[in-house]
Amino acid sequence: MRTRSQNSTTQVTEFILIGFHLPRPMEFFLFSLLLVVFFFTLAGNLMIITLVLIDQRLQTPMYFFLFNLSFLETFFVLTITPKMMMDLVSQNKSISFLGCISQCYSYFFFGTCEIILIAIMAFDRYIAICHPLRYTIIMNGWVCVNLILVCWIGAFMNNFGPIVLLSQLSFCSSNVIDHFFCDYAPLIKLSCNDVDTLLTLESTLSPLVLLSSLCVTVVSYLYIIVTILSMQISGSRGKTFSTCASHLTVASIFYGSAIFMYSLPSKGHSQDAQKAVAVLTAVVTPLLNPFIYTLRNEKVKNAFRHCLHRHKRIL
């Protein structure tokens, strides 16, 4: 929908999200698949949040950060998936101007939080493995809480400026977005304003946060690998590396998709490829995280068994 102002400029008040260009039967199939994924994603992340809250054995820095990751993933998937599922089964694929800007900000806010948190978790593993005797001193409660505050405040500061500039643009050429959610790039293409300032700000801030986080993660794991290889007992090497493998898997998926979407030049990337990678980031990764951590983590599995056993005794 558009409104015409006094100066005869047509202003967009809502957007149409095209989505995936699929035939109707495939849209219903994708809706069913997303519904299952959405349920298991929420169930898995809420399970981790609950276990960390109720089990004393999981109330350590590592699981405190895992709790925050699951918390972010829960809100991250709620930002994108429900609207995407609604559009697949509805003829009305519109989203209001305010709803679109809010979705865009929420997506990048929670995504930036995750990027920073992944680096924090890598640093935590570095301290635990490379400086085990000083771990409880360095990663005390005050430090952990402040690191999470850095994560949230950093994400807010990184995205507030661009979203304010984005909300002030006039979208007068078209209101059709060739995507399944309100992403920066499709929105900027629809604007009839000068977007040089916004593009400069976005092309500076996004790679800066992403590459800084990636550097911290890579350097942390280089030190971890050197430390593991220097261990005398081979059994200790495998046990120590297994504690990091889950985080490394999640980090690889998240960084790979984020770099493809927002740091590499978009020239040559088809819109379908952008959508596929966006699905990986917004839908698949939040599903994989809780299962990767629970299936490879004995403490989490033991806490889950203990919780089930206690629940059976109550019943």
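Taking the criterion of being of a type in the set (Val, Ile, Thr) and either closer than 25 Å to GLY19 by Cα or touching a residue at least 24 places away in the same chain (Cβ under 8 Å) (or both), the residues of region 171-213 that qualify are VAL176, ILE177, ILE188, VAL195, THR197, VAL209. Determine, yes or no, whether MET85 is closer than 30 Å to GLU298 by Cβ and buried (at least 18 other Cβ atoms within 10 Å of the Cβ). Spelling it out, it is not the case that MET85 is closer than 30 Å to GLU298 by Cβ and buried (at least 18 other Cβ atoms within 10 Å of the Cβ). In region 173-183, is there at least one residue being among the charged types (D, E, K, R) and within 27 Å of LEU34 (Cβ to Cβ)? Within region 173-183, one or more residues are among the charged types (D, E, K, R) and within 27 Å of LEU34 (Cβ to Cβ). Exactly one condition in (1) at pLDDT below 85; (2) farther than 28 Å from LEU169 by Cβ is not met by SER206; state its number. Only one criterion in (1) at pLDDT below 85; (2) farther than 28 Å from LEU169 by Cβ is unmet by SER206, namely (2).
Tallying residues that are closer than 18 Å to LEU42 by Cβ and outside any helix (DSSP H, G or I) within region 52-73 yields 0. Close Cβ contacts (under 9 Å, 6 or more residues apart or on different chains) running from residues in region 15-31 that are within 27 Å of PHE97 (Cα to Cα) and in a loop (DSSP other than H, G, I, E, B) to residues that are open to solvent by 50 Å² or more (accessible area, probe 1.4 Å) and not small (Gly, Ala, Ser) comprise ILE18/VAL176; ILE18/ASP178; GLY19/ASP178; PHE20/MET26; PHE20/ASP272; HIS21/ASP178; HIS21/ASP272; LEU22/PHE29.
The values are calculated or read from the model by the stated rules, or taken from the named source; none is laboratory data. Just so it is clear, the structure is predicted and the values come from calculations on it, not from any experiment. Reconstructed Cβ throughout: ideal geometry from the backbone, glycine too, with neighbour counts over all protein chains shown. Surface areas here come from the heavy atoms of the whole protein model, side chains and all, with no ligands, DNA or RNA. Shrake-Rupley method; radii C 1.70, N 1.55, O 1.52, S 1.80 Å.
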